[in-house]
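The values are calculated or read from the model by the stated rules, or taken from the named source; none is laboratory data. This structure is a prediction, so every number in the text was calculated from the model and none was measured. Ideal geometry is used to build each Cβ from the backbone, glycine not excepted, and the neighbour counts take in all protein chains shown. Accessible surface is based on the protein model in full, side chains and every heavy atom, while ligands, DNA and RNA are left aside. Shrake-Rupley method; radii C 1.70, N 1.55, O 1.52, S 1.80 Å.
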Amino acid sequence: MQEGMIERSHPFRQNGISLISQLQQIQQEHGWLPEPELRRLSAATGEPLIEIYRVATFYKSFSLAPRGRHRVTACCGTACHVRGSAGVTREISKLLGVKPGGTSADGRYSLETVNCLGACALAPLVVVDGEYHGNITPAGTRKLLKKITGPEAGNGAAAER
Amino acid sequence: MVNLTMNGLEIAFEKGASLLEAARFFGIEIPTLCYNEGLNPYGACRLCLVEVGAPGRSRLVSSCTYPVQPGLIVRTHSARVLKARRLLLELYLATCPSSKIIQDLASKHHVTRVRFKQKNEECILCGLCTRYCAEQMHGHAIGMVGRGAERRIGSAFNKKSEDCRLCGGCSYICPACQARCQGPDEKSAVCGACLNLAPPCLDDHDDAMCYLDPCAACEMRGER
Ligand code: FES
Ligand code: FES
């Protein structure tokens, strides 16, 4: 593109505040993006609140609602889907008692689905508390979730960063 | 100045300008839905498509966001362009048949049928209102929220924005809020005649403010 046009099409990108990494930091701290934090970010950086909200609602990895202490992410991307992610997701959902996209009532687990984690060769993929596990079968999910469902997982304190 | 060819015509135009601006300057009419002179180009509606490049190796680009380039060959009304434009209008009719602007554009381009599943959206996500709010009013009260099929216009956290000054610019600039004239066959997506039956917006959207003047629907009800 020629000079001029880019600036005209993206007027608010000029003094970028690396919004995404700021949001990632907030999310790392709280596990989700609480409204007061985003308002504070907006006030501190001068970035309009709606812009922050727009980015926060655009990406699946940002959550605007509190999430469980243990986070399970099942990939439902094309490669994972072809290799049976639907069955895996159903099984996890049954084991944890959480619907995809939801958090259990006791705030212990949340289950999310994403559309490709970028590791398709290992499909189907499940991420448990930030740890990637490849080639998962429905039968293998129970063992996989042991770490967070078993008694030794306690109250989830061990898995908390 | 940049030299290029538009519809076989050798033209020279200011550097940094868009193909749409150049075409309009030389009196070539290109339909648009999401373009407004006072706002930054956005490239959402694709209605301003033109063909660029040598015949046989050409491609369709949105002229409102494509800069003039030296030696560029542009065709604004080729068969391919017109076909694509008509298809787009058909899709818009299927999405939002209640818009007068879309109906007018469709009839102007001889779109007389809709082969797609009929929806009745109130928004075509052209982004005019959000750009108006941000660029003209420096309000930043509304914006795009969500992604993909869930994308919509909204305010932060779905709360009434403190930044909104109730200027009403968003509804003024909206191409979808203008009620169409509904023909004898209300169900059809294509407008047929000029019988205005359904009143537009204030009845359904309490907080909206209507600046349509004259508004045929109000006149029909004898309110003005
Ligand atoms: S589709 Fe699952 S990692 Fe790409
Ligand atoms: S006017 Fe160019 S894409 Fe809408």
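Quick one: in region B:146-159, which of the residues that are crowded, with 16+ Cβ neighbours inside 10 Å and under 20 Å from A:Ala43 (Cβ atoms) is nearest to the other protein chains (Cβ to nearest Cβ)? If you could, list the steps in order and put the result at the bottom.
To start, the set of residues in region B:146-159 that are crowded, with 16+ Cβ neighbours inside 10 Å comprises B:153-157.
From what is left, the residues that are under 20 Å from A:Ala43 (Cβ atoms) are B:155-157.
Working: B:Ser155: 7, B:Ala156: 4, B:Phe157: 6 Å.
Here the residue is B:Ala156.
Just for region A:82-129: of the residues that are in a loop (DSSP other than H, G, I, E, B) and among the acidic types (Asp, Glu), which one is farthest from ligand 1 (Cβ to nearest atom)? First the steps, then the outcome.
Here is the first cut: in region A:82-129, the ones in a loop (DSSP other than H, G, I, E, B) are A:83-84, A:97-102, A:104-108, A:115-119, A:123-125, A:129.
Now drop any that are not among the acidic types (Asp, Glu), which leaves A:106, A:129.
Numbers: A:Asp106: 29, A:Asp129: 18 Å.
That would be A:Asp106.
Could you list, in sequence order, the residues of region B:71-81 that are among the aliphatic types (A, V, I, L, M) and either within 14 Å of another protein chain (Cβ to nearest Cβ) or in contact (Cβ under 8 Å) with a residue 12 or more places away in the chain (or both)? So that I can check it myself, show each step before the final result.
So in region B:71-81, the residues among the aliphatic types (A, V, I, L, M) come out as B:72-74, B:79, B:81.
Matches in region B:71-81: B:Leu72, B:Ile73, B:Val74, B:Val81.
Which one of these does B:Gly27 not meet: (1) part of a strand (DSSP E or B); (2) free of Cβ contacts under 8 Å to residues at least 12 places away in the same chain?
(1)
Listed here are the residues, each with its yes/no results for (1) away from ligand 2 (no atom under 11 Å from the Cβ); (2) modelled with pLDDT of 95 or more.
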{"residue": "B:Asn3", "(1), (2)": "yes, yes"}
{"residue": "B:Gly16", "(1), (2)": "yes, no"}
{"residue": "B:Thr32", "(1), (2)": "no, yes"}
{"residue": "B:Tyr35", "(1), (2)": "no, yes"}
{"residue": "B:Gly38", "(1), (2)": "yes, no"}
{"residue": "B:Cys48", "(1), (2)": "no, yes"}
{"residue": "B:Gly53", "(1), (2)": "yes, no"}
{"residue": "B:Ser62", "(1), (2)": "no, yes"}
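From the list B:Ile11, B:Ile28, B:Ile73, which residue is among the β-branched types (Val, Ile, Thr) and under 24 Å from B:Glu90 (Cα atoms)?
On the way: B:Ile11 fails: under 24 Å from B:Glu90 (Cα atoms); B:Ile73 fails: under 24 Å from B:Glu90 (Cα atoms).
After ruling out the rest, the residue left standing is B:Ile28.
Which residues, taken from region A:120-145, are closer than 13 Å to A:Leu95 by Cβ, surrounded by fewer than 17 Cβ atoms within 10 Å (Cβ to Cβ) and of a type in the set (A, V, I, L, M)?
First, the residues of region A:120-145 that are closer than 13 Å to A:Leu95 by Cβ: A:126, A:128, A:136, A:138-145.
In the following step, the residues that additionally are surrounded by fewer than 17 Cβ atoms within 10 Å (Cβ to Cβ) were identified as A:139-140, A:142-143.
Within region A:120-145, just A:Ala139 meets the criteria.
How do the pairs read when you match residues in region B:49-70 that are within 11 Å of chain A (Cβ to nearest Cβ) with residues anywhere that are polar (S, T, N, Q) and buried (at least 23 other Cβ atoms within 10 Å of the Cβ), using Cβ under 7 Å and keeping only pairs 6 or more apart or on different chains?
Pairs that qualify, where the first residue is within 11 Å of chain A (Cβ to nearest Cβ) and the partner is polar (S, T, N, Q) and buried (at least 23 other Cβ atoms within 10 Å of the Cβ), are B:Cys64/B:Ser18; B:Thr65/B:Ser18; B:Tyr66/B:Ser18; B:Pro67/B:Ser18.
Just to verify a result, which residue in region B:27-65, among those that are among the polar types (S, T, N, Q) and open to solvent by 10 Å² or more (accessible area, probe 1.4 Å), is nearest to ligand 1 (Cβ to nearest atom)?
Just the residues of region B:27-65 that are among the polar types (S, T, N, Q), to begin with: B:32, B:36, B:40, B:58, B:62-63, B:65.
Next, from what is left, pick out any that are open to solvent by 10 Å² or more (accessible area, probe 1.4 Å): B:32, B:36, B:40, B:58, B:65.
Working: B:Thr32: 38, B:Asn36: 40, B:Asn40: 35, B:Ser58: 34, B:Thr65: 31 Å.
Restricting to residues being among the polar types (S, T, N, Q) and open to solvent by 10 Å² or more (accessible area, probe 1.4 Å), the top hit is B:Thr65.
When region A:52-80 is examined, which residues are found to be in a helix (DSSP H, G or I), surrounded by fewer than 19 Cβ atoms within 10 Å (Cβ to Cβ) and in contact (Cβ under 8 Å) with a residue 12 or more places away in the chain? Steps first, please.
Let us first name the residues in region A:52-80 that are in a helix (DSSP H, G or I), namely A:52-58, A:78-80.
The next check asks that each one be surrounded by fewer than 19 Cβ atoms within 10 Å (Cβ to Cβ); those that pass are A:55, A:58, A:78-79.
Result: A:Val55, A:Thr78, A:Ala79.
Might you check whether a residue that is assigned to a loop (DSSP other than H, G, I, E, B), in contact with a Phe, Trp or Tyr (Cβ under 9 Å, 6 or more places away or on another chain) and either open to solvent by 50 Å² or more (accessible area, probe 1.4 Å) or not basic (Lys, Arg) (or both) occurs anywhere in region B:94-105? Write out each step before concluding.
Taking region B:94-105 as the starting set, the residues that turn out to be assigned to a loop (DSSP other than H, G, I, E, B) are B:96-98.
Retained after the next criterion (residues that are in contact with a Phe, Trp or Tyr (Cβ under 9 Å, 6 or more places away or on another chain)): none.
There is no residue in region B:94-105 that is assigned to a loop (DSSP other than H, G, I, E, B), in contact with a Phe, Trp or Tyr (Cβ under 9 Å, 6 or more places away or on another chain) and either open to solvent by 50 Å² or more (accessible area, probe 1.4 Å) or not basic (Lys, Arg) (or both).
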